[in-house]
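Asks: Can you keep this structure in mind? I'll have questions shortly.
The values are calculated or read from the model by the stated rules, or taken from the named source; none is laboratory data. Treat the numbers as computed from the prediction; the structure is a model and nothing was measured. Every residue, glycine among them, receives a Cβ derived from its backbone with ideal geometry; neighbour counts consider all protein chains shown. The accessibility values were calculated without ligands, DNA or RNA, using every heavy atom of the protein model including side chains. Shrake-Rupley method; radii C 1.70, N 1.55, O 1.52, S 1.80 Å.
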Amino acid sequence: MAAAMGVPAEDSAGHRARLRERLLGNGGDALLDHELVEYLLALAIPRRDTKPLAKALLREFGGLAGLLTADADAIRRVPGMGDTSVAAIRIVHAAAIRLLRANVAERPVLSNWQALLDYLRAEMAHHPIERVRVLHLNTRNMLIRDELMGEGSIDEAPVHVREVIRRAIDLGSAAIILVHNHPSGDPSPSRADIEITRAVAEAGKRLNIAVHDHIIIGTQGHSSLRAMGLI
C-alpha cells in the first residue's frame, strides 16, 4: 500500500529511520530545519509523508523561529494541520520557553543578561500583538515573578503606572524590568514608550522600587532604554 502523498510506505519508513539515526548519532545540527519539523510531524501523523507539510509550514511562517512561536490558530489554518500536529509544534515551543526561563531564574538577572534576552526573544519577538511583561526582582536581583500585565492591538498595549507599582508592592519587589514587544519587528522606542517608562521609574523611586530597564523586543533585535540613556 502506498503512503500518503504518493510515497511508498517502506520508503517513507526508511527515510524517517535515517533521520532518526542522524539525530541520535550527531544531534540536532545534523538535520536541516525542514527535517526537524518533518520528523516532529511524523511523530504526530506517522502514516503520512510529512516533508511537504514541513516545508509549507516553514514557508508560511518565514522559518523555524516563526513557526515555533506562531499561535495555534495560525498553524491550524495551514492545510494538513490538525489538532495533534498543531499540539506537537506548540509543545516544542513550550519546552523551549521553560528551559530558557529556568536559565534566567537560576542566577541574578543583571549578571545573566544574555540569558534574559534569549528568553524574551523566544517568548515575545514573533507575537502578533503587543504584550507587556513586568519582571519582578528581589534585593539580590533574582527573578521572583514574571507577569504578563497587558495585551493590546497589533501596535498598542495598555500600561497603567499605578497597577505596575501596586503589583510590585504586593510582591515585595526591590526592582522591576519592563518588557514589551513591537509586532512591527522594529524595537525602536516610541515617545509613549519613553514617557511611560519615566513615569513608572518616578513612581517607583518614591517607594524604593528601582526600574532597572525597559526592554523592547522585535524580530529585528531589541532596545534597552537604560542603554540608550532614556531612563
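Asks: Please go through region 169-186 and give me each residue that is within 18 Å of the chain's Cα centre (by Cα) and aliphatic (A, V, I, L, M), ordered by number.
Replies: The answer is 177, 178, 179.
Asks: Still on this model: Checking the conditions here, which among 223, 184, 153 is part of a strand (DSSP E or B), without any contact (Cβ under 8 Å) to a residue 60 or more places away in the chain and within 29 Å of residue 72 (Cα to Cα)?
Replies: Selected residue: 223, the only one of 223, 184, 153 that is part of a strand (DSSP E or B), without any contact (Cβ under 8 Å) to a residue 60 or more places away in the chain and within 29 Å of residue 72 (Cα to Cα).
Asks: What residue, among those in region 50-70 that are closer than 17 Å to residue 128 by Cβ and hydrophobic (A, V, I, L, M, F, W, C), is surrounded by the fewest Cβ atoms within 10 Å (Cβ to Cβ)?
Replies: 65
Asks: Can you tell me which residues in region 12-35 are open to solvent by less than 40 Å² (accessible area, probe 1.4 Å) and either out of contact with any helix residue (DSSP H, G or I) (no Cβ under 8 Å at 6 or more places or on another chain) or more than 25 Å from residue 61 (Cα to Cα) (or both)?
Replies: Once the filter is applied, which keeps residues that are open to solvent by less than 40 Å² (accessible area, probe 1.4 Å) and either out of contact with any helix residue (DSSP H, G or I) (no Cβ under 8 Å at 6 or more places or on another chain) or more than 25 Å from residue 61 (Cα to Cα) (or both), region 12-35 yields 12, 14, 17, 27.
Asks: Answer with yes or no whether residue 84 is modelled with pLDDT of 95 or more, under 30 Å from residue 210 (Cβ atoms), out of contact with any Asp or Glu (no Cβ under 6 Å at 6 or more places or on another chain) and open to solvent by 40 Å² or more (accessible area, probe 1.4 Å).
Replies: no
Asks: Would you mind stating whether residue 73 is of a type in the set (Asp, Glu), closer than 27 Å to residue 120 by Cβ and touching a helix residue (DSSP H, G or I) at 6+ places or on another chain (Cβ under 6 Å)?
Replies: No; evaluated as a whole, the condition is false for this residue.
Asks: Which pairs do you get when a residue that is open to solvent by 20 Å² or more (accessible area, probe 1.4 Å), found in region 121-139, comes within reach of a residue that is among the small types (Gly, Ala, Ser) and assigned to a strand (DSSP E or B), reach meaning Cβ atoms under 6 angstrom, with the pair 6+ apart or on two chains?
Replies: The qualifying pairs do not exist here.
The rows are residues; the columns are (1) among the charged types (D, E, K, R); (2) in a loop (DSSP other than H, G, I, E, B); (3) more than 23 Å from the chain's Cα centre (by Cα).
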| position | (1), (2), (3) |
| --- | --- |
| 141 | no, yes, no |
| 146 | yes, no, no |
| 158 | no, yes, no |
| 164 | no, no, no |
| 167 | yes, no, yes |
| 188 | no, yes, no |
| 198 | yes, no, yes |
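Asks: Please enumerate the residues belonging to region 190-219 that are closer than 20 Å to residue 127 by Cβ and open to solvent by 30 Å² or more (accessible area, probe 1.4 Å).
Replies: 190, 192, 196, 219
Asks: Name, by its number, the condition in (1) buried (at least 16 other Cβ atoms within 10 Å of the Cβ); (2) over 23 Å from residue 111 (Cα atoms) that does not hold for residue 231.
Replies: Going through the list (1) buried (at least 16 other Cβ atoms within 10 Å of the Cβ); (2) over 23 Å from residue 111 (Cα atoms), residue 231 breaks only (2).
Asks: Same structure again: When both residues are 6+ apart or on different chains and their Cβ atoms are under 9 Å apart, which pairs have a first residue that lies in region 35-50 and is acidic (Asp, Glu), and a second that is in a helix (DSSP H, G or I) and open to solvent by less than 20 Å² (accessible area, probe 1.4 Å)?
Replies: Within 9 Å, the pairs are 35/19; 35/54; 38/19; 38/53; 38/54; 49/12; 49/38; 49/42.
Asks: Take residue 177 and tell me if it is in contact with a strand residue (DSSP E or B) (Cβ under 6 Å, 6 or more places away or on another chain) and at pLDDT 95 or above.
Replies: yes
Asks: Within region 87-107, work out how many residues are under 18 Å from residue 45 (Cβ atoms) and open to solvent by 30 Å² or more (accessible area, probe 1.4 Å).
Replies: 4
Asks: I would also like to ask the following. For region 157-170, does any single residue satisfy the condition of being over 26 Å from residue 221 (Cα atoms) and in contact with a strand residue (DSSP E or B) (Cβ under 6 Å, 6 or more places away or on another chain)?
Replies: yes
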